[in-house]
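Note sheet for the following structure.
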Amino acid sequence: MLCSGQSQTEMADMMREVVLIAGLALVIGLGYSWLNSARAAQPSVGQAAPAFRLQDQNGTWHALDDFKGKWVALYFYPKADTPGCTKEACEFRDNLFAFEEIGASILGISIDAIKDQKKFAEKYSLPFPLLADIDGKTAEAYGVLNNLGVMKLAKRQSFLIGPDGKIAKHYDKVDPTAHSKEVLADLKALGAKKAG
């Protein structure tokens, strides 16, 4: 049906423009999605863990090299003080002594600012470092960055890093309510024990 005053040629031209714009939007969307997933290459088990140097909730700098010779449970979480992230962090907190008993360190990382990490740690008495990956470069190096255009979030994934600095285990599917116990069991199965 034509609007008054429009010829069939004008209507056909307008339809071609609509189809062209929709096609262009689809190509741009697919290209963005491909580019985002291409950047998300994750380190494999047995590979060296990507290095990082980030500040924790107190402004203290931590680098992966600081943990050489120790097991590290490195867990990425999307957003401080949200329900799933709170459950996961509190599970790690509640099992802290079991991790310390076998000489393993716990490090949480999100894209949150230092002040947000501080509020989160204080609110739930989280005694381990919550690292602020503000620019998302560490999350990207581990292949867990979700770049949503207007905002970035880390995917909920974890890595066990061995005393040799290599990835010993990767958890791409994490249940926040049981993850700490799962990591602890895997550390014990891998022979983690306190040095000395």
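What follows draws every value from the coordinates through simple rules; no lab data is involved. Keep in mind the model is a prediction, meaning the values are calculated, not measured. Cβ coordinates were reconstructed from backbone atoms using ideal geometry, including for glycine residues, and neighbour counts include every protein chain displayed.
Points to keep in mind about this one:
- Considering residues of the stretch 90-109 that are in contact with a Leu (Cβ under 6 Å, 6 or more places away or on another chain), closer than 18 Å to residue 192 by Cβ and of a type in the set (Gly, Ala, Ser) only, the residue surrounded by the fewest Cβ atoms within 10 Å (Cβ to Cβ): 98
- Once the stretch 137-193 is narrowed to residues that are part of a loop (DSSP other than H, G, I, E, B) and of a type in the set (D, E, K, R), the residue that is nearest to residue 47 (Cα to Cα) is 164.
- Single match in 116, 112 (criterion: under 17 Å from the mean Cα position of the chain (by Cα) and either assigned to a loop (DSSP other than H, G, I, E, B) or exposed (fewer than 15 other Cβ atoms within 10 Å of the Cβ) (or both)): 112
- Of the residues making up the stretch 67-84, those that are closer than 17 Å to residue 132 by Cβ and in contact with a Lys or Arg (Cβ under 9 Å, 6 or more places away or on another chain) number 6.
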